1. Kindly write out, for region 646-662 in residue order, the coupling ³J(HN,Hα) from the Karplus curve 6.51 cos²θ - 1.76 cosθ + 1.60 (θ = phi - 60°), rounded to whole Hz, with x marking Gly and Pro.
2. Could you please rank 153, 451, 477, placing first whichever residue has the fewest other Cβ atoms within 10 Å of its Cβ?
3. If neighbour count is taken as other Cβ atoms inside 10 Å, put 649, 41 in order from fewest to most.
4. Cα axis of helix 465-485 to longest principal axis of the chain: angle in degrees, 0 to 90, nearest 10?
5. Rounded to the nearest 20 Debye, what is the dipole magnitude of the chain about its Cα centre when Lys and Arg each give +1 and Asp and Glu each give -1 at the C-beta?
6. Please list 3J(HN,Hα) in residue order for region 66-74, calculated via the Karplus relation 6.51 cos²θ - 1.76 cosθ + 1.60 where θ = phi - 60°; whole Hz, with x for glycine and proline.
7. Set Lys and Arg Cβ to +1 and Asp and Glu Cβ to -1, take the dipole of region 470-529 about its Cα centre, and tell me which of 496, 511, 485 lies farthest positive.
8. For helix 428-443, what angle does its Cα long axis make with the longest principal axis of the chain, in degrees from 0 to 90 and rounded to 10?
Amino acid sequence: MKRIVWTLLAVVIAISACGPKEDPTPQGDTLTLSPATMSFTADDSSTKFISVTTTGDWTASASDTWISISTTSGRGNGSVSVTVSANEGEKRSGSVKFVSGQSSEFVSITQSGSGGTPIVPSPAKFDGNKRASTTYQLLIYSFADSDGDGIGDFIGIKNRLDYLDALGVTGIWLSPAHPADSYHGYSVQDYFSLNPDYASGQPKTAERAEEDFRTLLSAAHEKGIEIYMDYVLNHSGNGNPWFKEALANASSPYRDYYFISSNPSAEYKNFPMLSGTTYQSGEWKASSSGSPRITITSTTEDVTNGTDNWNLYMWDGSGDKTVKFVNKGGGNYYLVMDIVGEWGILVRKKPDWSSGSKFGAKGGKTTLQLGTPIDLEPEGADMSFTGNGRYKIELTNTDIQTVYYMGAFDGSMPDLNYGAIADVENNACFQDLAASADKWINMGVDGFRLDAVKHICGGIGSYNNAANRKFLKKWYDHCNATFKSAGHSGNIFMVGEVWDTSHSSEEKYYYEGITSCFEFAYWPLLYRVLTSGSAASYVTSVMGYINDHKAIRPDAQTSFFLTNHDHSSRTGDGEVRAADDLGKDLAKEKQAAAMLLTTPEKPFIYQGEELGYWGNSKGKGDEYIRAPIVWDAAAKQIAKKGVNDKVDTQMLTGKISVETQSADENSLLNVYKSFSQLRNTYPALAVGEMSAASVSGSSIAAWYMTSGSQKLLVIHNVATSQKQTTVSDDMSHPIALLGTASLNETTLTLGPNSSVVFEL
């Protein structure tokens with residue numbers, strides 16, 4: 001806590017000392033100073049002495065220019081004289097810092113003045129027992145790379161657990177860990193397996209990834225850190241074997257795992273899960289099945305000018321073109337054209353050129369050879385052909401069947417169909433997903449973050465909240481039973497993504513199904529408070545969120561957060577981070593951290609937020625708000641490949657790194673560390689109940705946190721200027737300070753964007 005006090009009082013240190021120089025004793029690890037405190041009057045210019053006892057070399061520095069010391073280094077026992085300049089303003093405080101070997105100690109210096117007494121926090125020593133429930137949202141692919149391939153992995157996370165432990169973290173929310181068709185992992189290929197990219201070393205296999213995952217689980221649990229998997233129940237990826245078979249075979253049992261129809265506008269009501277929703281044409285994607293065959297031969301026939309809807313799509317370095325086939329009848333087509341040079345080729349069918357209209361080679365990228373037929377498949381690989389003459393291109397077996405499937409978010413993520421919700425536990429798709437969850441729970445996973453839960457029954461444009469909540473209750477009950485069967489005495493943690501910034505219309509009712517939801521109304525509230533300088537609504541709003549949830553479910557645990565990987569700009573200008581919203585105002589970023597970590601329930605910290613990361617995805621890709629961690633000042637081995645090398649090189653430098661900020665007492669990272677440690681030290685902050693405190697001033701947010709006999713008073717000045725407030729409580733025991741604060745009887749003066757916590 002000493003480090004944050006120095007940071008927030010803006011103290012610059014310069015010291016002096018004297019002692020024996022002739023003794024070549026090596027640096028010692030023990031250091032004793034006397035006295036521990038010194039007090040001077042306002043006009044005092046007298047000199048006082050600090051006695052130094054140590055066996056090694058030492059250095060000294062003073063916290064500000066009004067404190068003068070006689071020497072800045074010495075060896076062995078000695079003394080340092082301290083002189084202060086006259087003080088005509090408020091009472092001020094500082095210190096002299098001594099360092100010997102690995103030891104550092106401070107002598108507190110105070111001087112009276114015309115103003116109040118500066119607040120110097122004195123928190124209880126953290127005993128190593130983490131009492132809070134702070135979770136870190138971690139992107140596996142961009143957090144930490146252990147083997148130098150540029151992609152974050154499980155062992156990379158394991159190697160950085162000390163960092164997360166020092167940050168006070170008690171849980172980690174991992175981005176989707178399954179094999180996927182996308183870098184971010186939300187298009188799952190196999191729920192029973194883990195992404196080989198997240199394995200360390202070579203070869204990269206799912207088996208090795210699972211072995212590394214077990215290692216991570218064990219190491220995290222040793223540090224009292226839980227692991228939560230991100231689970232995608234709304235949709236799978238289109239590369240999932242279930243989906244591939246469902247499209248290829250109408251009689252496959254996996255056909256019922258998805259919403260597939262030849263006429264969805266008329267038939268969508270036949271799907272029980274879509275009851276209570278309306279048809280949204282843009283959420284249904286076309287898919288064509290069949291196996292056309294293409295053959296190229298040399299010819300002297302005349303060039304054709306076809307009119308049919310089957311087309312040959314071609315491209316080379318100079319551009320692209322489309323050539324139409326001639327219909328010969330019986331499902332056979334041909335065209336004759338001149339080809340010079342190398343061209344890329346695909347077959348496409350009009351008028352629908354959406355998903356499923358493109359046909360390419362089976363089995364990967366193919367070079368076409370004269371006279372050799374090639375089988376095609378929907379969404380197949382690119383083909384190429386190099387020619388120098390006139391060629392006939394024949395297309396056969398074109399009896400193609402087109403069906404539509406629901407992919408509300410994207411054609412690459414087909415929605416899953418669980419059948420009738422009343423009987424969902426007996427549905428094969430539900431049972432498969434539940435069995436996969438059972439595997440990870442039995443392996444040691446402590447909980448799940450559930451993606452897009454309000455879209456499970458329905459799409460984006462229309463969904464059934466009541467059905468979603470019933471589904472989630474059955475999912476939670478199943479997973480919790482497995483969790484208890486695995487030997488746990490408590491309940492499994494499960495938090496849902498219910499995007500609802502109004503709070504009252506949807507989100508709070510989802511506590512009927514699960515124990516926690518992200519409070520999406522929190523950041524808009526805190527953003528308004530910090531940018532307007534008015535804190536009038538903060539305490540009542542936060543208490544209202546919590547009370548609403550507990551009224552529905554007594555064991556509800558509200559999950560508060562600033563921003564996450566999906567956070568959208570207020571101006572519609574792509575996805576952004578909290579630092580962007582706050583205009584990269586470091587003082588506001590620090591206070592956002594302090595307010596989050598002094599607010600009740602369960603706080604979430606988004607990867608890089610603690611380092612002040614910014615990012616805007618507009619026109620560049622959402623990778624830019626999912627940036628890799630820079631660990632050292634040299635900015636080496638950053639997991640850039642995990643985000644397709646789409647990074648802001650102006651941000652990801654050694655200046656913003658963990659190493660640099662750890663050494664900077666005034667860094668944002670150290671604000672997160674200090675307030676998180678405070679939360680873990682005091683049960684009232686960790687698990688206490690919030691109640692409003694009566695203080696004056698519209699820019700002052702104040703509340704009590706109470707647990708048993710322990711009661712804390714939390715006060716934040718959200719204005720960008722100094723403010724005073726009158727407090728009737730005992731303020732003799734401050735335990736945390738952000739910025740500056742001073743006390744004159746019952747008048748508390750807080751500097752701009754400053755915060756203080758008192759133990760009552």
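Computed from the coordinates by the stated procedures, all read-outs in this text should not be read as laboratory data. Please read these numbers as outputs of a predicted model, since none were measured by experiment. Cβ placement follows ideal geometry from the backbone for every residue including glycine, while neighbour counts extend to all protein chains displayed.
1. Once rounded to whole Hz, the list reads 8, 9, 8, 5, 6, 8, 7, 10, x, 5, 9, 5, 4, 4, 5, 6, 5.
2. Ordered by Cβ neighbours within 10 Å, fewest first: 477, 451, 153.
3. Values: 649 8, 41 13.
By the 10 Å Cβ count, ascending, the order reads 649, 41.
4. 70 degrees
5. 500 debye
6. Karplus values, whole Hz, x for Gly and Pro: 6, 9, 10, 10, 7, 7, 10, 7, x.
7. So the residue we want is 485.
8. Approximately 40 degrees, to the nearest 10.
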